[in-house]
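A short worksheet on the structure shown next.
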Amino acid sequence: MDKNKLWKWLLLGVLVLWSLSLTIPPVDKYDDEGNLVQKGKIQLGIDLKGGSSFMVQVDADDVAKKMVESGVAESVDAVSESKLKSEIKTVQEIAVETIRNRIDALGTAEPEIYPEGDSRIVVRIPGADAQTRAEAKMQIMSDAVLSFKLVHQESEKWVSETVAAGMMPKGYKMGGQDGQGLFLLRDRAAVSDQQHDRAFRENLKRFGSKQADFMLMGDRLRDDSVVYRPVFVERRKQLGGDTIKNAMVDRDQMTGQPQIRLEFDNEGKKEFGKITEANVNRRLGIILDDTLYSAPNINEPILGGTATISGSFTVTEARRLVNVLKAGALPGRVMIVEERTIAPTLGKDSIDSGVKAIIGGGILVLIFMAAYYLVPGFIANLSLIFVLLLLPVGMQVAAGFLGVISNTLEGGTVGLPTLTLYGIAGIVLTVGMAVDANVLTFERMREEWTVGKSISGSINAGYNKAFSTILDANVTTLLTAVILFWQGSGPIRGFAVTLSAGILVSMFIVLVITRLFFNSLADANALKSLKMNSIPGLKSPNFNFLGARKIAAIVSLTIIAATWALFVGKGDKNFGVDFTGGTVTTFKFEQEQPIETIRAELNGAGFTSAQLTPMEEGGEFYLDMRLKAVEGEELDAQQAVMVLDGNPEIVKTDSVGSQVGKELKKSGITAIVFALIGIIIYISIRFEFAFAMGAIIALAHDVLITVGIFCALGNELSMPIIAALLTIVGYSVNDTIVVFDRIREDLKLEKGKSYQEIANLSINQTLSRTVLTSFTTLLTVVVLLAVGGGAVKDFALALTIGIVVGTYSSIFVATPIVLLWHKEEKVK
């Protein structure tokens, strides 16, 4: 064996061992008591494991206000954009650690918390149930700004005057009076619990128009009811929470009610002593996040360095507040702009369907390749197995490369990306697309063998002639994957990493390792023939495709006009919650529920505009409920459905703010535009501008028809569908470049013929490859369409439409456009 082959075999062995080291053991192992005994190398995303994810954004307005308070600028308008961005970045970095400390205190298993961009934070909590999700949301949203302020000396007088004037804060009503003074009751019909947010509390402070903040202090009575006592508090802060050293849950020795005991650090101890000494016989309000928890009277100076927060909270609420106080205050306010939840049961179903798609699609491709290509087919199957074996190495390399070029790799080692549902879809697609390079090479080898070359000559000539086509086709697909990673986030980036890894690994295996297999067999005289089967009627095709280009143009324009007329007519109904903002909740029922019953329940709860979509999958009944509201109102709507018969269960929730929806729509369009520009530049350099225009118009044709048909079938556009469209762009240009590469080759060989004759000849020469590649890719995608559910089924449907349309356009659209630049031109 020569040294060149030996080094290739050794390289393959090293890569296989490297790949296995990245994946063994693959999953977490637990003992009988549920304790983790061995951590797996493959981490599952929440769409496979179940759980919740939150996209948190730093509030720029709040950061600007704090900059003014700290003296950085005289007013919010005077804050420069560069300084604001810098401060937001600083707040983001501190907030990541603060939120991490808070979430860790909940005891959740392996939460993922990391910054994204310059102002956002991603929080993912695998396996979170409804209670944990609610706790986490509270911990994220709580500012934990603790302050001590004096109750205004005119407070009782102002409260009496306000009540006597018949004024009452919105959301409250008069309750009565006891030994401690006036008290109010909540009016939840006027202001719901979800509306009682930080913005409401901020506005409440201005009630009464006094030179102090109006606040309501909760008080739990003996009958366990909660009343609210009005108090006017001075605006000047006496002491902040940054001097707190420790916080713990305690109980009031007189009432037995839970309370929070605070311990100050040395500086805080001195300051608190001075404040209490100077204000004996006055009340000191203890305020956390604009909520007045208690306002005890200062009977004497408190010099011991401790304070107590008492209020109307339960033990659970007290512990929650202690966790927040221990983790520290956020340096600036944050907002949850996106929230997604998937039940563990739905995650398991996703894993099962994904595995079935990989196995089912893979088996079908292996059977077909062996039956059609015979001995070369078995070698191709072996190469597909190696593609899957080396995919983890490819994913690690791709993740590092994409992280560097997109400036999202923030130090540390590069590991395997978290496996998501769309990562599985990428693997399924990789299985189908990995066949393409083999098919291209085998068809070239067949041509060389047919003209009488030797086994070794046919192998080497086939690979040499197929190389430029494989390179061009894969570079353009890789370009779309890079743009997808750059513009996408979360699971979409995972799909881009998987797609990129599949391209890199399949090119290496086919161009290096599969060729090594063939040459080794040929050198050992073990390969006696390159006999392969052929498609009946396509052995030497001679169809006049370009003669039908006008008819094809009419067909395409008719489909585009019809489907896009429907698209325009539907308006915003074409777009999912990713782009419009709002909340989509998926319920699972044990028995089918009449839609009229569900509608009546929601109407009664005040949600008359809720969009309801019933579904049935595998004998199980589901309901999608879509609301435009995001900020908490979906909880009331969910509760209205949960009281229905059929044992309803929430299996998935997607909440997206309108701002994020606009950004996602913009980034999706930007991704497609940049992909098209990149392809124009690349093809213009590698071929000529006429070819670039042919490819771009064909791609626009494919995207328009795919979107038109997809939405005409009643589906909505979402970020996963944008990922599918970009994949279609890559796949379609792959098909088109194969034809263009043959045209470029035939232009050098076929002298004296017209440009149209040569182009038609090239389409016929590559027809077998076009049909075979589309067929094998469709095998895997159709399996994904058959066994996948929900969003993955939509993803697979878009891919199926796109692959069929892309195959059509590479023949009937791209090349006819090129001919517009070469009318009646003879090749000399």
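The values are calculated or read from the model by the stated rules, or taken from the named source; none is laboratory data. Just so it is clear, the structure is predicted and the values come from calculations on it, not from any experiment. Here the Cβ positions follow ideal geometry from the backbone for every residue, glycine too, while neighbour counts run over all protein chains shown. What goes into the accessible areas is simple: the full protein's heavy atoms, side chains included, and nothing from ligands, DNA or RNA. Shrake-Rupley method; radii C 1.70, N 1.55, O 1.52, S 1.80 Å.
Would you mind telling me which numbered condition in (1) modelled with pLDDT of 80 or more; (2) open to solvent by 50 Å² or more (accessible area, probe 1.4 Å) Val37 fails?
(1)
Cβ-Cβ distance below 7 Å, separation of 6 or more or different chains: which pairs start in the range 796-815 with a residue that is under 20 Å from Lys550 (Cα atoms) and end on one that is open to solvent by 20 Å² or more (accessible area, probe 1.4 Å) and in a helix (DSSP H, G or I)?
Sorted first by the residue in the range 796-815, then by its partner, the pairs are Phe812/Arg549; Val813/Ile697.
May I ask you to verify whether Ser142 is at pLDDT 90 or above and buried (at least 16 other Cβ atoms within 10 Å of the Cβ)?
Against the criterion (at pLDDT 90 or above and buried (at least 16 other Cβ atoms within 10 Å of the Cβ)), Ser142 does not qualify.
Looking only at the range 137-156, count how many residues are assigned to a loop (DSSP other than H, G, I, E, B) and under 38 Å from the mean Cα position of the chain (by Cα).
Number of matching residues: 4.
Which of (1) over 25 Å from Thr800 (Cβ atoms); (2) modelled with pLDDT of 85 or more is the odd one out, the single condition Ser506 does not satisfy?
Here Ser506 clears every test but (1).
Return the pair list, or none, for Cβ contacts closer than 8 Å from residues in the range 176-203 that are in contact (Cβ under 8 Å) with a residue 40 or more places away in the chain to residues that are of a type in the set (S, T, N, Q) and open to solvent by 60 Å² or more (accessible area, probe 1.4 Å), at least 6 apart or on different chains.
Note: pairs meeting the criteria are Leu182/Ser160; Phe183/Gln177.
Counting just the residues of the range 434-469 that are within 35 Å of the chain's Cα centre (by Cα) and under 18 Å from Ile379 (Cβ atoms), which one comes out surrounded by the fewest Cβ atoms within 10 Å (Cβ to Cβ)?
It comes out as Val439.
Can you tell me which residue among Arg320, Arg282, Arg251 is over 22 Å from His196 (Cβ atoms), of a type in the set (D, E, K, R) and modelled with pLDDT under 85?
Arg251
Go through the range 700-722 and give me each residue that's at pLDDT 90 or above, open to solvent by less than 20 Å² (accessible area, probe 1.4 Å) and not hydroxyl-bearing (Ser, Thr, Tyr).
Listed by number, the residues that qualify are His701, Asp702, Ile705, Val707, Gly708, Phe710, Cys711.
For the range 192-277, list the strands (runs of 3 or more DSSP E) that sit wholly inside it and hold at least 3 residues that are open to solvent by 50 Å² or more (accessible area, probe 1.4 Å) and either of a type outside the set (Gly, Ala, Ser) or in contact with a Phe, Trp or Tyr (Cβ under 8 Å, 6 or more places away or on another chain) (or both); which are they?
244-251
Do we find that Arg120 is open to solvent by 30 Å² or more (accessible area, probe 1.4 Å) and in contact with a Ser or Thr (Cβ under 6 Å, 6 or more places away or on another chain) in this structure?
Considered against the rule, which asks whether it is open to solvent by 30 Å² or more (accessible area, probe 1.4 Å) and in contact with a Ser or Thr (Cβ under 6 Å, 6 or more places away or on another chain), Arg120 comes out as no.
Look at Lys170 and say whether it is farther than 30 Å from Leu84 by Cα, of a type in the set (Lys, Arg) and either in contact (Cβ under 8 Å) with a residue 24 or more places away in the chain or open to solvent by 20 Å² or more (accessible area, probe 1.4 Å) (or both).
yes
Within the range 431-524, which helices (runs of 4 or more DSSP H) (wholly inside it) include 2 or more residues that are without any contact (Cβ under 8 Å) to a residue 60 or more places away in the chain and of a type in the set (Gly, Ala, Ser)?
Those helices (runs of 4 or more DSSP H) span 455-487.
In a loop (DSSP other than H, G, I, E, B), open to solvent by 60 Å² or more (accessible area, probe 1.4 Å) and not polar (S, T, N, Q), is that true of Lys550?
For Lys550, the condition - in a loop (DSSP other than H, G, I, E, B), open to solvent by 60 Å² or more (accessible area, probe 1.4 Å) and not polar (S, T, N, Q) - is not met.
Only residues in the range 665-681 that are closer than 13 Å to Leu726 by Cα count as the first member; pair them with residues that are open to solvent by 30 Å² or more (accessible area, probe 1.4 Å), Cβ under 7 angstrom, at least 6 apart or cross-chain, and list the lot.
Ser667/Gln487; Thr670/Gln487; Ala671/Gln487; Ala675/Leu479; Gly678/Leu479; Ile679/Leu479
Does the range 16-25 contain at least one residue that is more than 27 Å from Asn323 (Cβ to Cβ), of a type in the set (A, V, I, L, M, F, W, C) and either buried (at least 21 other Cβ atoms within 10 Å of the Cβ) or modelled with pLDDT under 85 (or both)?
no
Could you grab the pairs with beta carbons closer than 9 Å, sequence gap of 6+ or different chains, first residue in the range 372-386 and touching a residue at least 24 places away in the same chain (Cβ under 8 Å) and open to solvent by 20 Å² or more (accessible area, probe 1.4 Å), second one part of a helix (DSSP H, G or I) and hydroxyl-bearing (Ser, Thr, Tyr)?
Matching pairs, first to second residue: Leu382/Thr514; Phe386/Thr514.
Out of the range 761-777, which residues are at pLDDT below 85 and either acidic (Asp, Glu) or open to solvent by 40 Å² or more (accessible area, probe 1.4 Å) (or both)?
Scanning the range 761-777 gives no hits.
Quick one: in the range 618-661, which of the residues that are in a loop (DSSP other than H, G, I, E, B) and at pLDDT 85 or above is most open to solvent (accessible area, probe 1.4 Å)?
Asp645
Can you pull out the residues in the range 723-760 that are surrounded by fewer than 18 Cβ atoms within 10 Å (Cβ to Cβ) and polar (S, T, N, Q)?
Answer for the range 723-760, where residues must be surrounded by fewer than 18 Cβ atoms within 10 Å (Cβ to Cβ) and polar (S, T, N, Q): just Ser754.
Inside the range 728-823, counting only helices (runs of 4 or more DSSP H) that do not spill past its ends, which hold 1 or more residues that are under 24 Å from Asp352 (Cα atoms), out of contact with any Ser or Thr (no Cβ under 9 Å at 6 or more places or on another chain) and hydroxyl-bearing (Ser, Thr, Tyr)?
767-787, 790-812
Residues in the range 681-705 that are part of a helix (DSSP H, G or I), among the hydrophobic types (A, V, I, L, M, F, W, C) and either within 17 Å of Thr815 (Cβ to Cβ) or in contact with a Cys (Cβ under 8 Å, 6 or more places away or on another chain) (or both): how many?
So the answer is 12.
So, Val72, is that one surrounded by 15 or more Cβ atoms within 10 Å (Cβ to Cβ), at pLDDT 90 or above and farther than 30 Å from Gly394 by Cα or not?
No: the conditions fail for Val72.
For the range 571-585, check the following and say yes or no: at least one residue is open to solvent by 50 Å² or more (accessible area, probe 1.4 Å) and not in a loop (DSSP other than H, G, I, E, B).
Yes: one or more hits.
With (1) of a type outside the set (A, V, I, L, M); (2) over 30 Å from the mean Cα position of the chain (by Cα); (3) open to solvent by 60 Å² or more (accessible area, probe 1.4 Å) as the list, and Trp486 as the residue in question, which single condition is left unmet?
(2)
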